Structure formats: structure tokens, C-alpha cells
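Beneath this line is the structure, given in C-alpha cells, with notes to follow.
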Amino acid sequence: MKNINASIITIGDELLIGQVIDTNSAWMAQQLNAIGVSVKRRVAVGDSKDEIINAIDEEGNLSDIILITGGLGPTSDDITKQVLCDYFKGKLVMNEEVLNNVKYLFEKVFKKPLSDVNLQQANVPDVCEVIQNKRGSAPGMIFYKADIIYISMPGVPYEMKGIMEKNVIPLLKEKFKLPVIIHRTMLTAGIGESALAEVISDFENELPKEIKLAYLPTHGMVRLRLSTIDFDKKQTKKNIDSYFNKLKILTKNYLVADADETIETVIGKLLKEKNKTVSTAESCTGGYIAHLITSVAGSSQYYKGSIISYANEIKTQLLGVHENTLSVHGAVSEETVIEMLNGLLNKLNTDYGIAVSGIMGPDGGTPEKPVGTVWMAVGNKKNNLTQKINLRFERERNIEVAASMALNFLRKFIIDN
């Protein structure tokens, strides 16, 4: 039995100029991977007939499945449907089911007049199988050529996801004998990618060829992922679990989670297990730590709130930082974040707290405190720990890395206390 490969083609000039970020292909790749389809390539092309045809030809030489999104709207720059019609040597015909769906959407849902342009959405190639789009007016289309299946879907993520989940994934499961693809992922912190590679170099060299190791650095942390693919699910899982357990032992000093989880998810689980609460006092991160914590569903069980004390007067008025502390030591200092933390815990009455203050850039640094200098404090009403970090990135990444490191600092404090 052979592995089934797929290519994803996303269409639109807006993707190529960076006006719109392509989230479709990433999400589609995740769904395909989950059912055992290997994604060979992800390709973005503009609204050009020649570019679309070239991409279809090239990917047809590589893959068994070609998924296409974009260019199915009613305006003049949406040319995908006509290009596919010509490519598969068909002609456009009115589809009654699509027409009824378009009429329903405009009359009952959008409550807008139906124009001739909108009615053209019901014209589909007579050589395709139509997929009804219950979330929009542009239908999906399925084409067959030799042993290859081509599926065209709208570029609107909400609409594409509806068609993928309800129609495409079940179709692929039915049509192909699919292997199982298994990933085991862990999250590490406190060690860089290259240093981590040295720690596990012998392990990596001893891996069998059917198991692949990937390093995925992000925001001051590194995820390690083991991947394998086979048709024997039970044996495949047993095999990869054995190597994953060995990897956990080698990385135990840096291990944050033995699953594909973010640091904010790990913190949430830890707080719920202990039935404890947390709050944040943020200066340089401007609420980003609060954003990470509250991005996890159910965070209201353990997160009370944040005081974003960007200005010094807010540090003094709301957190009780002494003006003398600010004048002598400055806003970016160990003394200031300790007072920010104590004021936070008293004000919001939580079990744990995080306080951060720093210089994110691109301006504001001094020889003594250059851009990227961050002080953070974590603790409870009995004890606290402080840490100074020096970041070297641009402003946005400095904020992201500082927030992740502050959360991991809290994680270690909770475990040790």
C-alpha cells in the first residue's frame, strides 16, 4: 500500500502581496495530516489563468489529491471557476440546487437584493460534482482526471472549513486506503535549539528511518516532535511512544509539557489542578500576558484580571509602587517589579501573580539598560522570585518572548512552592 499525497493551491493576488495571510493551507494541512494524508506542497498563486494552470499541472505530477481555495467569488477578478471549466474541458451550466441556495441566502439571511452578478454563482462546470456550500454562495467543485481528485473550495475560511469538514474529509476517507500518521510533541524551555540538539544528538542518530525528529522553536521555547507513518496503527503507536519516552528522560531538566500544548495551556491546567488563581501586572508587555492566559477556554476559573501599569503614575496609584523606588531605581528594576507584584496581590487578592517591566524598543534604551532589558517577578503573598532577561529582537517579538518566559517563570515557581 502506498502513502496518499496531497497538494494545496491557494489563489489570490492578495496572498502574494501579503495583504491577506494564508491561514487556509495551514488549517487544511492539519486536517489532512490527521486522517493520514501527507501534504507534499503548499503553493500560492495569483489571479492569473496561466499561473493557476501551471500550478495544477505541476501538483498533479506530485500528488493524488489537489485542494484548491480562492477565486470563486462573483467579481471579475475571481477567475478560478472559469479556469477549471476550461482546464477540464467543460462548459458552465446553471445548477438549480446552487441557485436555490443563493436565493435563500440573499432573501432570508443577508436580506439584500439579488443581482445578476450573484446569480452567476449558480453557474458551474458540467464536468464537476457540485458541493453545496451551506455557509456561503460559492459552491465547491470536484473534478477527476486519471487517478487524481481535484477539489475547489471558496477562499473564505469559514466557508472552506464547512466544506472540508462535512464533505471533503469524509470523501477522502471513503475513496482512499489511508495510513495512520502519528505525532508526539513535547514543549521545552530554558535551552536554545542548538544546545538542545547537542543534548539529544546520540538519540537523534539512533532513530530508525521511519521516525522523524523536528525542532520547532517559538517565543523562547522549543517544541520537539517525533513523527511516523504506517498502516499498522497499534504497532506504529507503540514504536513511537517508546522513543518519545526516551526523549522525555533526556530532556527532563527542560520539559514543560509532554504534549503539543502552549505554555498558557500548561499554566491553566496547573492552576486548575491546585484550585489556585493568578493575576498580572504588566508594563512593557501591555496586556499580552493577560491575552495569552485568557486565550485558553475556561481561564475564568483561575484568572482574575490584570493591571496594565504602563505609566509610572499608574504603578504608584494602583499598585502602590513608591515614587522613591521609581526615582532611585527606575521603572525597569528589580525593586519596582517586586513592589508591582506585592501591590497586585493585595489589590486583586489572587494566589499567584506576575509583574513585568522592561524596554521593548526600538527606542528608550540606555547603556545601563539597553533595549530588551526586562525585569519580572512572580510569587505569592509569602514569597517571590525575580529574574532579569536581556532580549535582542524587534519590539513585537520582544513582547511575545517576555510574556512566554514570564509564564514559564510562574510555572516553575508554582511547582517549586
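How many percent of Cα pairs in the range 194-314 exceed 26 Å?
Summing the P(r) of the range 194-314 above 26 Å gives 42 percent of all pairs.
Pick from G372, G330, G353 the residue whose mean-square fluctuation is largest in a GNM of the chain, springs joining Cα atoms under 10 Å.
Sorting by GNM fluctuation, first place goes to G330.
Restricting to bridges with both residues inside the chain, how much of the DSSP beta-bridge set is antiparallel, in percent to the nearest 5?
Of all bridge pairs located within the chain, approximately 60 percent are antiparallel.
Quick one: what Rg and Dmax do you get for the range 4-175 from the alpha carbons, in Å?
Both quantities, over Cα of the range 4-175: 15.3, 45 Å.
Just to be sure I understand: with springs between alpha-carbon atoms less than 10 Å apart, which residue in K175, K382, K315 has the highest mean-square fluctuation in the Gaussian network model of the chain?
For the chain, modelled as a Gaussian network with Cα springs under 10 Å, the answer is K382.
Specify, per residue and in Å³, the volume enclosed by the convex hull of the alpha carbon atoms belonging to the chain.
Looking at the chain, the number lands at 192 Å³ per residue.
Within the chain, which whole H helices from DSSP have a Cα span along their axis of at least 18 Å and a mean Kyte-Doolittle hydropathy of -0.5 or more, if any?
Numbers: long enough: 233-250 (26 Å, -1.16); 334-348 (21 Å, 0.22); 395-416 (31 Å, 0.11).
Once both thresholds are applied, what remains is 334-348, 395-416.
Just from its helices, what would the mean residue ellipticity at 222 nm be for the chain, if runs of 4 or more DSSP H residues each count -39500 (n - 2.57) and the sum is divided by every residue, rounded to the nearest 500 deg cm²/dmol?
Computed ellipticity for the chain at 222 nm equals -11500 deg cm²/dmol.
Between S194 and E368, what FRET efficiency comes out of the Förster formula 1/(1 + (r/R0)^6) with R0 = 30 Å and r the beta carbon distance, rounded to 0.05?
0.50
So, in nm, how far is label F231 from label R41 when the simple model puts each one 7 Å beyond its Cα toward the Cβ?
2.7 nm
Ranked by Cβ crowding within 10 angstrom, fewest neighbours first, how are D126, D64, D13 ordered?
Details: D126 12, D64 20, D13 16.
The order, fewest Cβ neighbours first, is D126, D13, D64.
Quick one: if you stick a label point 7 Å off each Cα along the C-beta vector at D260 and N205, how many nm between them?
The answer from the label model is 3.0 nm.
Treating only the Cβ atoms of Lys and Arg (+1) and Asp and Glu (-1) as charged, compute the dipole magnitude of the range 180-257 about its Cα centre; round to the nearest 20 debye.
In total the dipole reaches around 380 debye.
Taking 1 over the mean of 1/r across every pair of different Cα atoms in the range 281-417, what Kirkwood radius in Å do you get? Let's see the in-between values first.
On the way: mean 1/r = 0.0677 Å⁻¹.
Hydrodynamic radius (Kirkwood, Cα only) of the range 281-417 equals 14.8 Å.
Test of the criteria: in the range 184-251, which trypsin sites (Lys or Arg not before Pro) are in a DSSP loop and have at most 15 other Cβ atoms within 10 angstrom of their Cβ? Don't jump to the answer; show the numbers that get you there.
Values: sites: R184, K209, K212, R223, R225, K233, K234, K237, K238, K246, K248; in loops: K209.
Answer in residue order: K209.
In this model, which of K274/K347; K161/K252; K269/K315 are farther than 27 Å apart at the alpha-carbon?
Pairs exceeding 27 Å: K161/K252; K269/K315.
Since every read-out is calculated from the coordinates, none of them should be taken as a lab result. Everything numeric here is computed off the predicted structure, so don't read it as measured data. As a convention, Cβ positions derive from the backbone with ideal geometry for all residues, glycine included, and neighbour counts pool all protein chains shown.
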